1. Starting from the Cα of ARG222, step 7 Å along the direction of its Cβ; do the same at ARG83; then give the gap between the two resulting points in nm.
2. So for the stretch 3-55, what percent of the C-alpha to C-alpha distances run longer than 16 Å?
3. Hey, what did the chain get for relative contact order, percent, Cα under 8 Å, at least 6 apart?
4. Rule-of-thumb check for the stretch 89-136: C-alpha Rg over 2.2 N^0.38 Å?
5. Could you tell me what % of all Cα pairs in the chain have separations over 26 Å?
6. Normalise the Cα radius of gyration of the stretch 128-235 by 2.2 N^0.38 Å (N = residues in it) and let me know the number.
7. Once R0 is set to 25 Å, what does the formula 1/(1 + (r/R0)^6) return for the Cβ-Cβ distance between ASP43 and VAL130, expressed as a FRET efficiency to the nearest 0.05?
8. How high is the relative contact order of the stretch 3-55, given as a whole-number percent (alpha carbon pairs under 8 Å, six or more residues apart)?
Amino acid sequence: MEERLQKLLSAAGVCSRRAAEDYIAAGRVMVNGAAAVIGQRADPDRDEILVDGRPLARPEQHVYLLLNKPRGYVTTLSDERGRKTVADLTADCGRRVYPVGRLDLDSEGLLLLTDDGAWMNELVHPSHEVDKTYHVSVYGPVRGAAERLSALRDLDGEPIRPARVEVLRQTARTAVFAVTIHEGKNRQVRRMCAACGLTVKRLRRVREGALELGDLPVGKWRYLTAEEVRALGPQPEP
């Protein structure tokens, strides 16, 4: 499939897309024996692409996982305190994968992992915000709590965007809310609940963008489909 040369050079690990423009402008990239031009497309399966006279390496095949993280696991590859890590749960994928974002020790649910550093950096960059939905079980003054949570605009002196809050179940002193946030600041949902006088009993992430946790068993992982990877990651250049 044809792609812009800048994207092909970046995917092959030669340089960033921005730096690829300099490579092309300097005449360091050849396509089928002719000097490439900025904006040119090529198909690595069909075209001969040379950088400084050497064939362009084929991009590495990466893996992208969705894990249903249990409570009691830290979102890291190793822990100096000897706690269980999400790396223990994904060791059987055969690759060293890194968590995309975080879920704290007592939180659970949807967690992405990958060995694709560029894709991961795009997802965690502040400019690439997506909605994330959490199911939150709380107790305390739950009457009117959904309205109080959705009305929050400040968290410990830091401005936040309004959350969408839906009541899933509620009794006199307990409730389960679906809370959708856009920013994902550190422990944001727990801090929001604390600001409203609520104690969190359970917090589970069930959706990120269009990707849903579904019925994946706790502690298990699955591969993302190609469509899911494209939907979550950076959009192709026009």
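Throughout, read-outs are computed from the coordinates displayed, never taken from laboratory work. Every value quoted in this text rests on a predicted model; they were computed, and no experiment measured them. Neighbour counts are summed over all protein chains in view; Cβ atoms, including those assigned to glycine, are modelled from backbone coordinates with ideal geometry.
1. Label-label distance for ARG222 and ARG83, simple model: 2.8 nm.
2. Cα-Cα pairs in the stretch 3-55 separated by more than 16 Å: 24 percent.
3. 19 percent
4. Rounded to two decimals, the normalised Rg is 1.26.
5. That tail contains 50 percent of the Cα-Cα pairs.
6. The stretch 128-235 yields a ratio of 1.15.
7. Calculated transfer efficiency: 0.25.
8. That works out to 35 percent.
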